[in-house]
1. With +1 on each Lys and Arg Cβ and -1 on each Asp and Glu Cβ, and nothing else charged, work out how big the dipole of segment 262-384 is about its Cα centre, in Debye to the nearest 20.
2. Could you give me the ³J(HN,Hα) list for segment 216-226, computed from phi with Karplus coefficients 6.51, -1.76, 1.60 and θ = phi - 60°, whole Hz, x at Gly and Pro?
3. Using only the Cα atoms of segment 180-241, build the gyration tensor, take square roots of its eigenvalues as a ≥ b ≥ c, and label the shape rounded, prolate or oblate: rounded if a/c is under 1.5, else prolate if a/b is larger than b/c, else oblate.
4. Cα atoms only, segment 2-153: Rg and Dmax in Å?
5. Skipping prolines and chain starts, which residues have an amide H placed within reach, meaning under 5 Å, of the one on K205, given they are 5 or more residues away or on another chain?
6. Enumerate the aspartates and glutamates that K384 could reach by cross-link, defined here as Cα to Cα under 17 Å, with residues fewer than 8 away along the same chain left out.
7. For E237, E324, write out the residues from largest to smallest accessible area, computed with a 1.4 angstrom probe and no ligands counted.
8. When only Cα pairs under 8 Å and 6 or more residues apart are kept, what is the percent relative contact order across segment 1-127?
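The values are calculated or read from the model by the stated rules, or taken from the named source; none is laboratory data. Computed from a predicted structure; not experimentally measured. Quick reminder, even Gly has a Cβ in these numbers, built from the backbone with ideal geometry, and neighbours come from all protein chains shown. Ligands, DNA and RNA are stripped out before the accessible areas are found, and what is left, the full protein with its side chains, is counted by its heavy atoms. Shrake-Rupley method; radii C 1.70, N 1.55, O 1.52, S 1.80 Å.
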Amino acid sequence: MNTSDVIYLDHAATSWPKAPGVADVMLEILNRPSGSSGRGNHAMALQAGRTMFNTRAKLAKLFGISNPNDIAFTSNTTEALNLAIKGYVKLGDHVIATMVEHNSVRRPLEFLKRTIGISVDYLSISEQGYFNLDDLQRAFRPETRLVVCTHSSNLLGSILPIAEISKLAHEHGVVTLVDAAQTAGIYPIDVRAMGIDMLAFPGHKGLLGPQGTGGLYISPELDIEPLLHGGTGSQSEEPEQPMVRPDRYEAGTANTVGIAGLGSAVAYVLEQGVEQIYEHEWNLTQMMMGELNKIPIISLLGPELGQPRTGLVSFNVKERDAAEIAFTLDRKFGIAVRAGYHCTPLGHKTAGTSAGGAVRASVGHTTTKEEIEAFIAAVKFIVK
Ligand SMILES: Cc1ncc(COP(=O)(O)O)c(C=O)c1O
């Protein structure tokens with residue numbers, strides 16, 4: 001398929017195109033002599049270690065993290081969330097989450113509920129995706145140890161007040177875990193200013209890096225258990241996983257090629273500026289919403305026009321199947337959107353769309369007004 005054949009409006013799943021230069025950097029690593037980070041002292045292994053550190057340093061700059069070694073690389077957000085949740089939550093703990101969490105938060109929590117015995121409250125969220133801090137205040141119990149919250153709903157696009165949530169959590173001596181799958185590289189994040197103890201992020205969405213990359217920031221004040229145990233190339237004589245970071249959380253040979261690509265992508269995001277990327281995407285969502293709003297049989301999900309939101313717009317067409325709309329957009333018009341439940345059944349319960357899911361169109365750094373116009377024209381054709 002040629003680039004000119006598609007209008008890609010599924011950036012919330014994974015971004016495309018990636019940042020300029022990402023593919024070149026990855027190809028270069030594959031084509032030149034290269035070793036494995038932490039495995040050996042020869043020049044090629046050391047170079048691989050430097051590549052990994054450079055990406056960590058760029059991510060640290062982007063997220064306001066003091067020590068790049070407090071970031072552990074993972075293969076996606078899901079792995080980062082599993083590392084954080086399974087590494088921190090213990091028997092008898094109470095966890096507070098929300099009704100717009102992705103299955104990558106809900107399923108590890110439900111697994112721990114069933115296997116080790118924890119309790120979880122999913123706080124209600126308004127139909128448009130807003131959070132009530134009073135509900136959070138009331139939810140704390142003596143055994144609460146974690147508040148886990150998505151930064152932005154992948155169905156509604158609403159942005160949750162992380163700084164306020166963290167402040168309340170800390171007043172109760174509770175740690176915060178933020179799922180930044182929909183905001184990393186798209187909406188400003190500063191772990192210090194926002195009081196985030198753990199931040200799970202994808203490399204392959206708004207950071208514009210390759211699939212198979214992601215990470216978890218873990219505050220230096222926390223020691224969580226590793227998810228994987230095995231070779232780190234360090235303290236090999238010890239039977240236990242080393243305490244030193246990032247080795248503690250990165251067992252096995254790293255995805256050096258992907259992480260190099262991610263480093264190049266983050267450099268691009270830093271150069272463009274997250275605020276500028278957000279503004280570009282927000283303007284496009286407003287244009288899309290304005291036009292979709294003119295079609296009486298279309299109902300939009302999430303915040304009203306004019307309100308902050310990440311670059312996605314979910315909608316339904318009266319008495320039409322969301323999957324059929326997405327299928328026709330793809331097959332007839334070459335426009336890629338996503339339909340269905342978006343891995344967030346709780347989010348659909350919140351939005352009142354459990355029956356059939358919704359169509360979600362999500363924009364990215366290269367999406368143009370002309371592409372939005374073509375999308376709107378195609379939707380009008382399909383629904384008329
Ligand atoms: C809010 C949210 N959390 C978690 C995930 C899982 O991300 P990944 O595919 O990087 O594991 C997604 C993916 O769409 C998401 O939107």
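1. Numbers: 12 positive and 13 negative charges, 109 e Å.
The dipole of segment 262-384 has a size of about 520 debye.
2. Going residue by residue, I get 10, 8, 10, 3, x, 7, 10, 10, 9, 6, x Hz, with x marking Gly and Pro.
3. Values: a/c = 3.51, a/b = 1.61, b/c = 2.18.
Oblate shape, in that a/c is at least 1.5 and b/c is the bigger or equal ratio.
4. Gyration radius and largest Cα-Cα distance of segment 2-153: 20.4, 57 Å.
5. Amide H to amide H, under 5 Å and 5 or more residues apart or across chains, K205 pairs with S15.
6. Once the sequence-local aspartates and glutamates are set aside, what remains near K384 is E291, E319, D321, E324, E373.
7. Working: E237 145, E324 70 Å².
So, going from the largest accessible area down, we get E237, E324.
8. Details: 91 pairs, mean separation 18.0, N = 127.
It comes to 14 percent, rounded to a whole number.
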